[in-house]
Amino acid sequence: MIVSSQLDRETERIINYLSNNYDVPINAVFFRYFKDGDQEYITRSWLLDPNIVEGKSSNTKVASKKEKWNNQDFVVNFEEGKYRKWEDAVKYGFISAGNGQWYSRTLNQLFVGARVFCMIPKSGYVGIGKVIETAKPIKDITFIINDEPKRISELSLKAPNMLHDEDDTEKCEYVVKIEWEKHTLQGDAYWEKGLMANQNSAYKLRNQYTIDKVSEFFGLH
């Protein structure tokens, strides 16, 4: 844990690099002091989501050495908000990420036939499905609705701004089509300490404990 009043960009870059690429349970916490009349206050804020860092710490306790990847399973973080809604993802069969190549590029790992364990950050795991079409810019994706091809712009979406920057291949949403095997509502998401968590939009799921527990939750064997 790094405690500081200020953090230079190089140190912030190193923290993010270690966390995102090597799952090091590292974080920085900032404390700030201020006064309001006779009252004195101290506030605390984190560089990274402490729940994700805690998950990394628990993962290192569950497995004393890095487990081998099974060449099939991935975790996908589905950031619920104005750019994408879980209700849309379930209805039409997809996951997505955007607002910069840092967020969308990891979706390129997902190949047809890969299995994804979908997680909504700060909520938990909400679905398991199979990739049926690899990542594409949002304007290049079509869905078959009542035997007719439809672009996302023609769908009735709950997300108000999913088509943001659709002509900008750096910032637009990238979409991966998914055939959901099991899914649940965001409010019923599954989470407990020790499950795999990472800030990347998609990453290889090497943790057998997570595979077993999430599969059990969804009734898969």
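All of the numbers you see were taken from the coordinates with simple rules; none came from a lab. On a predicted model such as this, the values are computed, not experimentally measured, just so you know. Every residue, glycine among them, receives a Cβ derived from its backbone with ideal geometry; neighbour counts consider all protein chains shown.
Computed quantities for the displayed model
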{"quantity": "Computed FRET value (nearest 0.05) for D212 with I145, which takes r as the C-beta separation and R₀ as 45 Å", "calculated": "0.80"}
{"quantity": "Exposure proxy order (Cβ contacts within 10 Å, fewest to most) of D167, D36", "calculated": "D36, D167"}
{"quantity": "Cα centroid separation, the range 4-53 to the range 133-195 (Å)", "calculated": "32 Å"}
{"quantity": "Sorted by Cβ density within 10 Å, fewest first, the residues V90, V112, V29, V175", "calculated": "V112, V29, V90, V175"}
{"quantity": "Relative exposure of F218, F31, judged by other C-beta atoms within 10 Å (fewest first)", "calculated": "F31, F218"}
{"quantity": "The range 75-173: trypsin sites (Lys or Arg not before Pro) falling in loop per DSSP and having at most 11 other Cβ within 10 Å", "calculated": "K82"}
{"quantity": "Calculated FRET value between I132 and K35, using beta carbons and R₀ = 41 Å, to 0.05", "calculated": "0.10"}
{"quantity": "Spherically averaged projected area of the range 73-217 from its Cα convex hull (nm²)", "calculated": "8.1 nm²"}
